[in-house]
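Some notes on the structure that comes next.
Rule-based calculations on the coordinates, nothing more; no lab input. Since the model is a prediction, treat every value here as computed from it, not as a measurement. Reconstructed Cβ throughout: ideal geometry from the backbone, glycine too, with neighbour counts over all protein chains shown.
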Amino acid sequence: MSDLGSDTAGDLSPWRTDSLKYLPLALPQKIPVKITSEAAGYVSFTPVARQELTPAELVAQILAVTGKRLSRIRDILSRGSFVSGSSRYRWQPLDVDSGDIEALLAPFPDEDPARPFDPSHCTMVVFKGLRGAVEVVPEAAAKRRLLKKTSFWDAIMAIFETAQPAYHRYSYSESADVYQVKLPLETLQHILNQTNLLKYASIAQELRFLEPNAAELFAKRP
């Protein structure tokens, strides 16, 4: 798949978008798309990037914004424009039949509220507070400090598993189910007490400054 340079592009390989190229849809096999930056102060100066996307690839980008909402996806395709993160995508408006869109959406996962949180499949934690958000990933948080028997990542996974996170949504940009958990003062203090396990002091400093009151947990499906 073409690399669009967008933070919301995600990994589309689980959905085998290449296999959709030959579906008998009322859509072109390739859609010319112009991509410009919507970042403040850059619209007039950023070169326009041009990509040719398959219908499945374009829909995958839209899904990251809309979720599996057929009517919204159809409206966006017919409008010929949408914004994802700091990028605006433009193409020749497409009048697409609802049945064709359903066929395109079929390979993409549905939300699954009955799916319990599995810490072994967690790929990212986003701590949230009044001062913003801090992303923590196992690549950094699972590194053990010298002489420590466990890692910060293992410690917070144990805390979150006990907290029984609630299913929230499916993230098409991250290809993961998203769970939410509130962080009352006692739980937050327990998490902050584990920051001495972090190999990188900057993460601990960011968390202490943030004083998070909630967290979102992203878990890939096996």
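Quick notes
- Among the GluC sites (Glu not before Pro) in the stretch 103-191, those placed in a DSSP loop whose Cβ has at most 16 other Cβ atoms within 10 Å are Glu111.
- Restraint check, Lys143/Lys220; Lys34/Lys128; Lys143/Lys182; Lys128/Lys148; Lys199/Lys220; Lys128/Lys149, Cα-Cα greater than 31 Å: Lys34/Lys128
- 10 Å binning of all Cα-Cα separations within the stretch 59-133, expressed as whole percents from 0 upward: 15, 36, 29, 18, 2
- Projecting the Cα atoms of Gly132, Ala103, Ser120 onto the charge dipole of the stretch 81-148, computed from C-beta unit charges around the Cα centre, puts Gly132 farthest toward the positive end.
- Stretching Glu52 away from Ala158 to a fully extended chain increases their span by 33.7 nm, per 0.36 nm per residue minus the current alpha-carbon distance.
- Extension reserve of the Asp75-Leu185 stretch, reckoned as 0.36 nm per residue once the Cα distance is removed: 35.2 nm
- Separation of alpha-carbon centers, the stretch 130-193 and the stretch 198-222, rounded to whole Å: 6 Å
- Taking one quarter of the surface of the C-alpha convex hull of the stretch 84-222 gives a mean projected area of 11.0 nm².
- In the stretch 60-153, trypsin sites (Lys or Arg not before Pro) in a DSSP loop with at most 11 other beta-carbon atoms within 10 Å: Arg131, Lys149
- Whole-Hz couplings from phi, Karplus 6.51/-1.76/1.60, listed for the stretch 164-169; x for Gly and Pro: 6, x, 8, 5, 10, 5
- Share of alpha-carbon pairs per 5 Å distance bin for the stretch 95-135, given as whole %: 5, 14, 11, 15, 14, 13, 11, 12, 4
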